[in-house]
Every structure is written in C-alpha cells, then in structure tokens.
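The values are calculated or read from the model by the stated rules, or taken from the named source; none is laboratory data. Quantities reported herein were computed from a predicted structural model and do not represent experimental measurements. All Cβ positions, even for glycine, are placed from backbone atoms using ideal geometry, and neighbour counts span all protein chains on display. Accessible surface areas use protein heavy atoms only, side chains included; no ligands, DNA or RNA. Shrake-Rupley method; radii C 1.70, N 1.55, O 1.52, S 1.80 Å.
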Amino acid sequence: MSEPLLQAEELSAGYQGPVVGPVSFSVSAGEVVVLSGPNGCGKSTLLGAVLGHSRVFSGSLRRSSRASLACLGQQAGLPEELPMTGRELVTLAEGDPAVLPEYLGAVLHQRVDRLSGGQRQLMHVWAAIAGSARLLLLDEPTNNLDPVSESLLADYLCGPLGERGVLLVCHEPDFVARVADRVIEVR
C-alpha cells in the first residue's frame, strides 16, 4: 500500500489555543474521508491546519510530497471587486472547463457573482475538482446545492478518484452515507 496523501496522528489544532483534538486520520488516494460532528467542534479548524491557516499544538500532520492541494472553503466566493466568469474561475483554479457537467458548461460565460447561489457554489466546487490537485479539501460543499447539483457532486465522489483523495466536511447524513469511505467523528 502506498503512503497516504495526508496523515494526522493525535493532532490538536486551533488558533490561540487548541480547539480540536486529539484526532487521528489519514486520507489515501481513491478515498473520501468525511469529518463529522456538531457545529463548532473544530472540523474546519482541522482543514485549516492542513492548509497552514490554524496552528498545530500537538501531534503530527504529514502531507505527502505528491499531494498537491485544492480547497473549497465554507464561504466560497469572490470579492465584489474581482468579477470573473465561470470559465475564468475554472482557469484560475488550473482546471479544465471540459470536465464540468453540462449544467455548468451552459453558464461558463456568465459572471460568477451573477449566478444563483446554488450555481455559484457548484461552480466553485467544480473549479476545485476540475484541477489537477491530488488532495481535495471540501468544507461543506453541499451548502446551497439543489438536489440535482448535490447528485452531480455525489456521483463524482462515488466514481473512480484514481490518484486523488478527498477530505470532506459535511452535515448531511444521506450525502455522507452515499459518498464516504470512512467517517471520522470529531468532538
């Protein structure tokens, strides 16, 4: 078995002090690992530790040298002073617009800030997916998605991920049950 893309062992993370942990988990190529738990328990803080946005207080966090990152935060969006089309967003994320679902291909020419909330969220999700990153960090990607869009995302996550791994934060039990290879309870 090859080295995990991401390995956390007895990790405690936070900002001024620890807010989560200790927790241990790994993400390997081809799998979707879901961080689950109540609001405010530190799931997003764990993603922040992977990104270097929150501090590791104890334990270890190792990312494989082959694990390039793509991240979708909870509040996906662009500043108003940076209007761009869907195609520009996907290109900026080093993604291939050709891999987007037909549903999004039809709105690639529109400015992202003029899309509906669900279309905007899905465009940000697929901008991350369409790139070449090996490790996808998705923080509540189903926010604002209608059932059709949520199903598109689930279909992707249930398909062959190849050399990719996904670390996902989600509160929707049906979605988690459908896509997760493993669920890590964070308390």
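Key figures for this structure:
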| read-out | value |
| --- | --- |
| Selected residue [small (Gly, Ala, Ser) and under 15 Å from the mean Cα position of the chain (by Cα)] from 40, 30 | 30 |
| Filter result (free of Cβ contacts under 8 Å to residues at least 60 places away in the same chain and either in contact with a Lys or Arg (Cβ under 6 Å, 6 or more places away or on another chain) or part of a loop (DSSP other than H, G, I, E, B) (or both)) within segment 113-134 | 115, 116, 130 |
| Selection count, segment 23-43, where residues are closer than 16 Å to residue 140 by Cβ, open to solvent by less than 40 Å² (accessible area, probe 1.4 Å) and either small (Gly, Ala, Ser) or not in a strand (DSSP E or B) (or both) | 5 |
| Subset of segment 1-22 (residues that are out of contact with any Phe, Trp or Tyr (no Cβ under 8 Å at 6 or more places or on another chain), open to solvent by 70 Å² or more (accessible area, probe 1.4 Å) and either of a type outside the set (Val, Ile, Thr) or part of a loop (DSSP other than H, G, I, E, B) (or both)) | 1, 2, 3, 9, 10, 15, 16, 22 |
| Residue satisfying condition, being in contact with a Lys or Arg (Cβ under 9 Å, 6 or more places away or on another chain) and hydroxyl-bearing (Ser, Thr, Tyr), within set 142, 85, 91 | 85 |
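Okay, residues lined up against (1) modelled with pLDDT of 90 or more; (2) within 14 Å of the chain's Cα centre (by Cα):
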| position | (1), (2) |
| --- | --- |
| 50 | yes, yes |
| 55 | yes, no |
| 60 | yes, no |
| 66 | no, no |
| 70 | no, yes |
| 73 | no, yes |
| 79 | no, no |
| 83 | no, no |
| 89 | no, no |
